[in-house]
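Got a structure here, written out as structure tokens. Questions coming.
The values are calculated or read from the model by the stated rules, or taken from the named source; none is laboratory data. Remember, predicted model here, so these are calculated numbers, not experimental data. Ideal geometry is used to build each Cβ from the backbone, glycine not excepted, and the neighbour counts take in all protein chains shown. Accessible surface areas use protein heavy atoms only, side chains included; no ligands, DNA or RNA. Shrake-Rupley method; radii C 1.70, N 1.55, O 1.52, S 1.80 Å.
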Amino acid sequence: MEIPAIQGLSVETTLLPLEKRAAVGEAQQRLRIGIPSEAPNGERRVALAPYAAALLIANGHEVRIETGAGEAAQFTDVEYSEAGCDVVESAGEVYADSDLVAKVFPPRPDELALMRERQVLISALHLGGIQPDTLKRLMDLRVTGIGFEFIADPDGTLPIVRMMHEISGSVAVQTAARLLESEPPAPGGRGGRGLMLGGISGVPPATVVILGAGVIGEWAARTALGFGAHTIVLDTDLPALRFIEHVLDRRVTTAMANPTYVEGAVKSADVVIGAAMLSGQRSPVVVTEEMVAGMRPGSVVVDLVIDQGGCIETSRPTTPGEPTFVAHDVVHHCVPNLPSLVARTSTYALSNALVPFLLEIGEAGSINDALWSNVSLRTGTYVYRRHLTKKNLAAMFGMPHRDIELLIASGI
């Protein structure tokens, strides 16, 4: 079995026999962890790889997984069974017997109907598509909801988001390179411009414009430069632009993302990659429909922040089954779960980030104690019992919110 390294975990400790592990820590609680299939979401990732489940089980926890949950990421039920998981036939069985449910996608309405009171839910929230009814249902059930988008280290780094963004930035350029090819045409009869990103001797490279100099933008720029493309990065954050110039050894062109620069760059671009985002908020619209209409026919737009509303006005969510559409003769790719295209790599990355948090919840003895002792989990909490705990979500939906630390301290 492949066992990638997990930072901060000792394999020697986590794989101790059950009878010896009690000496390592008597206080930990046995968690019953549920992993439902994401297939109904058109999602190929799964929350835990078999090796990660084995680590949790070796630490005294139980893992129950829906049959076929890892299939699209090339993990078989046999692998999960050999890791010690209880492989069950339905999502209902997963939810019925789990203290904590770990997912990739936010829960669908049919999954909300399966959830039990006071369960812990760890998943993405997808700020661009979250509905107030979902939040209200979680609060009615007194669920503790922890969102990938909010889990932050003490220095402000978003560990799960960062991993997915590194993958998204890289895969976006791979996707754009394919869509620039003349064939196959996108739905609506529009093929790409028939360009190679890196050009060739005597033929200049394609121009890739990246909106946003954050983690997504950095990794998109790294990959575009690797292809040999002419790469331009726009942002309103001057220190971020300085940083990306520094780490990429001034091989990129940077500019402030004011309307004049954005319009000029987009008009000259063969590929526009949308990576402009605000942490915990809806993405700002940086490129207008008029700007898209001014792009050359067969150019490509990849909006990587569509799960937060998108930063290009013509963008709308698409699916892995139908990933593209054409607007103003420009091919658009707006799949919210782009890391799903490399499901195995993404599942390993997600597992690396999730397992330490799950172990800490078990070691704390209760979710309350875990939230109190771990600032990352506390920051990641968006609903706690009957209360919304994120100010930005409260403002988005006109709902009241309460401070998570006061709620934990009061024992509500």
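Please work out if GLY298 is open to solvent by less than 10 Å² (accessible area, probe 1.4 Å), under 16 Å from the mean Cα position of the chain (by Cα), touching a residue at least 24 places away in the same chain (Cβ under 8 Å) and at positive phi.
no
Checking ILE200 against (1) farther than 23 Å from ASP329 by Cβ; (2) touching a strand residue (DSSP E or B) at 6+ places or on another chain (Cβ under 7 Å); (3) of a type outside the set (S, T, N, Q), only one condition comes out false. Which one?
It is condition (2) that ILE200 fails.
Across the range 348-376, which residue is farthest from the chain's Cα centre (by Cα) among those that are crowded, with 18+ Cβ neighbours inside 10 Å and among the small types (Gly, Ala, Ser)?
Among those that are crowded, with 18+ Cβ neighbours inside 10 Å and among the small types (Gly, Ala, Ser), it is ALA364.
Can you find, within the range 68-84, the residue that is farthest from ARG32 (Cα to Cα) among those that are assigned to a loop (DSSP other than H, G, I, E, B) and free of Cβ contacts under 8 Å to residues at least 40 places away in the same chain? Give the derivation first.
Filtering the range 68-84 for residues assigned to a loop (DSSP other than H, G, I, E, B) gives 68-70, 74-76, 83-84.
With the extra rule that they be free of Cβ contacts under 8 Å to residues at least 40 places away in the same chain, the set shrinks to 68-69, 76, 84.
Details: GLY68: 19, ALA69: 17, THR76: 21, GLY84: 13 Å.
Across the range 68-84, the extreme among qualifying residues is THR76.
Ok, one more. More than 19 Å from the chain's Cα centre (by Cα), of a type outside the set (A, V, I, L, M, F, W, C), at negative phi and open to solvent by 40 Å² or more (accessible area, probe 1.4 Å): is that true of SER98 in this structure?
Answer is no for this residue.
Of everything in the range 147-157, what is of a type outside the set (Phe, Trp, Tyr) and surrounded by 22 or more Cβ atoms within 10 Å (Cβ to Cβ)? Give them in sequence order.
GLY147, GLU149, ILE151
So, THR236, is that one touching a residue at least 40 places away in the same chain (Cβ under 8 Å), within 15 Å of GLY214 (Cβ to Cβ) and touching a strand residue (DSSP E or B) at 6+ places or on another chain (Cβ under 7 Å) or not? So that I can check it myself, show each step before the final result.
On the way: touching a residue at least 40 places away in the same chain (Cβ under 8 Å): no; within 15 Å of GLY214 (Cβ to Cβ): yes; touching a strand residue (DSSP E or B) at 6+ places or on another chain (Cβ under 7 Å): yes.
So THR236 does not fit the description; no.
Here's another thing I want to ask about it. Which number in (1) out of contact with any Gly (no Cβ under 6 Å at 6 or more places or on another chain); (2) touching a residue at least 60 places away in the same chain (Cβ under 8 Å); (3) open to solvent by less than 40 Å² (accessible area, probe 1.4 Å); (4) hydroxyl-bearing (Ser, Thr, Tyr) marks the one condition that THR379 misses?
Result: THR379 passes all but (3).
Here is a follow-up. Name the residue, out of ILE146, ILE210, that is at pLDDT 95 or above and farther than 25 Å from PRO284 by Cβ.
Answer to the selection: ILE146.
Among what's in the range 306-326 and is of a type in the set (D, E, K, R) and free of Cβ contacts under 8 Å to residues at least 60 places away in the same chain, pick the residue that is surrounded by the fewest Cβ atoms within 10 Å (Cβ to Cβ).
The initial filter retains those residues of the range 306-326 that are of a type in the set (D, E, K, R), namely 307, 313, 316, 322.
Imposing the further condition that a residue be free of Cβ contacts under 8 Å to residues at least 60 places away in the same chain reduces the set to 313, 316.
Details: GLU313: 14, ARG316: 12.
The residue in question is ARG316.
I would also like to ask the following. Within the range 63-86, which residues are crowded, with 18+ Cβ neighbours inside 10 Å and aliphatic (A, V, I, L, M)?
Once the filter is applied, which keeps residues that are crowded, with 18+ Cβ neighbours inside 10 Å and aliphatic (A, V, I, L, M), the range 63-86 yields VAL63, ILE65, ALA69, ALA72, ALA73, ALA83.
While we're here: Restricting to the range 33-61, name every residue that is within 16 Å of ILE122 (Cα to Cα) and either open to solvent by less than 10 Å² (accessible area, probe 1.4 Å) or part of a strand (DSSP E or B) (or both).
Passing the criteria: ILE33, GLY34, ILE35, PRO36, GLU38, VAL46, ALA47, LEU48, ALA49, ALA52, ALA53, LEU56.
How do the strands (runs of 3 or more DSSP E) wholly within the range 212-287 filter down when requiring 1 or more residues that are within 19 Å of the chain's Cα centre (by Cα): which remain?
Details: elements: 230-235, 253-256, 271-274.
Of the strands (runs of 3 or more DSSP E) lying wholly inside the range 212-287, those with at least 1 residues that are within 19 Å of the chain's Cα centre (by Cα) span 271-274.
Next question. In the list ALA395, ALA409, ALA353, ALA364, which residue meets the criterion of being modelled with pLDDT under 95, in contact with a Lys or Arg (Cβ under 9 Å, 6 or more places away or on another chain) and small (Gly, Ala, Ser)?
Sole residue among the options that is modelled with pLDDT under 95, in contact with a Lys or Arg (Cβ under 9 Å, 6 or more places away or on another chain) and small (Gly, Ala, Ser): ALA353.
Among the listed residues VAL247, VAL285, identify the single one that is open to solvent by 40 Å² or more (accessible area, probe 1.4 Å), among the aliphatic types (A, V, I, L, M) and under 19 Å from VAL173 (Cβ atoms). Don't jump to the end; show me each part of the working.
Details: VAL285 fails: under 19 Å from VAL173 (Cβ atoms).
None of the other options fit; the residue is VAL247.
So for the range 327-347 (the condition being over 14 Å from the mean Cα position of the chain (by Cα), surrounded by fewer than 18 Cβ atoms within 10 Å (Cβ to Cβ) and not in a helix (DSSP H, G or I)), does at least one residue qualify?
Checked against the condition, which is being over 14 Å from the mean Cα position of the chain (by Cα), surrounded by fewer than 18 Cβ atoms within 10 Å (Cβ to Cβ) and not in a helix (DSSP H, G or I), the range 327-347 yields at least one hit.
Results for (1) under 14 Å from VAL301 (Cα atoms); (2) among the polar types (S, T, N, Q), shown as yes or no for each residue.
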site	(1), (2)
ARG137	no, no
ARG142	no, no
GLY156	no, no
HIS165	no, no
GLY194	no, no
THR207	yes, yes
THR231	no, yes
THR236	no, yes
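From ILE200, ILE210, ILE232, grab the single residue that is open to solvent by 60 Å² or more (accessible area, probe 1.4 Å) and of a type outside the set (Asp, Glu). Don't jump to the end; show me each part of the working.
Numbers: ILE210 fails: open to solvent by 60 Å² or more (accessible area, probe 1.4 Å); ILE232 fails: open to solvent by 60 Å² or more (accessible area, probe 1.4 Å).
When all the criteria are applied, what remains is ILE200.
While we're here: Exactly one condition in (1) in contact with a Gly (Cβ under 8 Å, 6 or more places away or on another chain); (2) under 28 Å from THR324 (Cβ atoms) is false for GLY226; which is it?
(1)
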